[in-house]
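The values are calculated or read from the model by the stated rules, or taken from the named source; none is laboratory data. Computed from a predicted model, the values in this text were never measured in an experiment. Here the Cβ is made from the backbone with ideal geometry for all residues, glycine too, and neighbour counts use every protein chain on show.
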Amino acid sequence: MFFADLQAASKPATTIRSYGMDLLRWYRFLWAVEVPWNQATRTEARDFSRWFQLAEKPVRVHWRHQRKGVEAGSVPAQRGSRRDPGSPNPVTGRPAPGLKYAASTRAHCETVLRSFYDFHLEEGSGPIVNPFPLDRSRRAGRAHAHHNPMDAFRSERQGRYRPKVPKRIPRRIPDELFNALFAALKYNRDRALLAFWVSTGARAEELLTSCEKDVLPGQQLVGVIRKGTRAYQQIPASTDAFVWLRLAQEDAWRKGAPRGRGHTLWWTLRRPWRPLNYHAARAMLNRANDLLGSNWTLHDLRHTAAYRMARDPKMSLTDVQWVLGHAHLSTTEIYLAASQEEVIEQVLAHHARREREQTRPPSPAPGYNSASLNVLFGQAG
């Protein structure tokens, strides 16, 4: 019933799947402690939150290794995974995935489980007390009960067992590193994808679902379906993106790829012809990352486009908001702040200026005997 309620609320399939994964993790914990889901108390919820902080993520065996009978403990290391878990990448500065669950994963799971038991509490099919309670500060009333309408809303703590998630700064790809990443690509299709992502600011999944009829080279427009509202929007792109797209289409059509207004814009490189999905596009970018020793993501291309447009003094922030498809202008304002790379560069330049500005001590004023000054300050020879 919970999934049916989510589906009726027009939640996408990806959201329902993520909710199901969090519920499966909770059910496995309850099976281990032999407690039915409808008899769980706050003791089980508290112990689950404590276990979640200490448990390590499971190692999943690739299907190629499963055919060979390889167990999880003897999985060979993947390419590009020589660095220690959690260590920062020397090129991008982004930490590698750690062995334990991230705070954002634990916070998402707590929200899902609390909403799951809230649903069954309303339906009368679960425990009469939610095992995942609200924070103690919320027991007095609803959130923002005495909010001043002249002030901005402040984030209030919700779940008692919800961890604090560190604020993440959007990472952009510097121009010189983007050029190196672009040069590491082997095929025109991949170059066209990067050119579109970095010029339109569209999400990876939004661009991958575009069809041939959505491209208007004469007007430099490409149509995408937005992630949240599912609205169709035409967004401008650079001329280079359309040039690379035409080269990629000629390469694919020469090999016999399907063509037509209703067909997808992005195909796999070899037969059988299949529409390019998100996982294949991410694998394409990871291959280029392996050559450069970096760990850029597809969403970094969207951040890069947003930073470039937001820093243009001749482009208003509302225009950037429209291109990115943000519902609130405050979401777009995060790209006005300096990125981590820019802050580091400015601080290093500050230290360099300080070193250059260090001058020699002033010379003694006329009338003072230099030998006497040396004796006075202990510099006599």
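Laid out as a table, the results:
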quantity	calculated
A306, sole failed condition from (1) over 30 Å from P90 (Cβ atoms); (2) within 17 Å of the chain's Cα centre (by Cα)	(1)
Residue in the range 1-36 that is farthest from V112 (Cα to Cα), counting only those that are among the hydrophobic types (A, V, I, L, M, F, W, C) and outside any helix (DSSP H, G or I)	V35
Qualifying positions in the range 122-157 - modelled with pLDDT of 65 or more and either small (G, A, S) or over 27 Å from S49 (Cα atoms) (or both)	G124, S125, G126, S137, A145, H146, H147, N148, P149, M150, D151, A152
Per-region count, the range 56-106, residues at pLDDT below 90, surrounded by 13 or more Cβ atoms within 10 Å (Cβ to Cβ) and more than 23 Å from S294 (Cβ to Cβ)	4
Cross-chain or 6+ apart pairs with Cβ under 8 Å, the range 160-174 first and within 15 Å of I334 (Cβ to Cβ) and in contact (Cβ under 8 Å) with a residue 24 or more places away in the chain, then assigned to a loop (DSSP other than H, G, I, E, B) and of a type in the set (D, E, K, R)	R171/R94
Count of the range 198-239 residues which are assigned to a helix (DSSP H, G or I) and more than 24 Å from P258 (Cα to Cα)	4
